[in-house]
Amino acid sequence: MTHDTDQFDPQRLRLTAYALGELDEVERAAIEAELEQDADSRAFVEQMRSAASALADDLSSEPTPEPLTELRTAIDGRIAQRLRLQRSRLKKRPLVWVPWIVFLVALVVLGIAAIALYFITQWSG
């Protein structure tokens, strides 16, 4: 397997996902079968694992920035506030179909009245 860094390679994505432990059992078994046959793929997986391990080691010594945590908390709070507001608006929202029901009932009543008036004029005439 060759790896050209200038082009998108779906196989590299699959191998990277495998190296990072992000595949389900079926996909993982398929990749492992491929790795038995392809030395280039095995080398690529090892490179990804090594890079991921080095990155994890480097980042583990970095402190988590507080502003990021505060920002995330603020964003979560705003999202929750918006959701509560939308729910309350839905509860207070007037029923859109009620005017149509009233209109249809009035139309039926007027229709019945018109028919009744027609028969009354026919019988009395």
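Annotations for the structure displayed:
- Region 87-102 - residue that is of a type outside the set (A, V, I, L, M) and surrounded by fewer than 10 Cβ atoms within 10 Å (Cβ to Cβ) and, of those, modelled with the highest pLDDT: Trp97
- Residues in region 9-29 that are aliphatic (A, V, I, L, M) and surrounded by 14 or more Cβ atoms within 10 Å (Cβ to Cβ): Leu15, Ala17, Ala19, Leu23.
The values are calculated or read from the model by the stated rules, or taken from the named source; none is laboratory data. Fair warning: this is a prediction, and the values are worked out from it, not measured in the lab. FYI the Cβ positions are ideal-geometry reconstructions off the backbone, even for glycines, and counts take in every protein chain you see.
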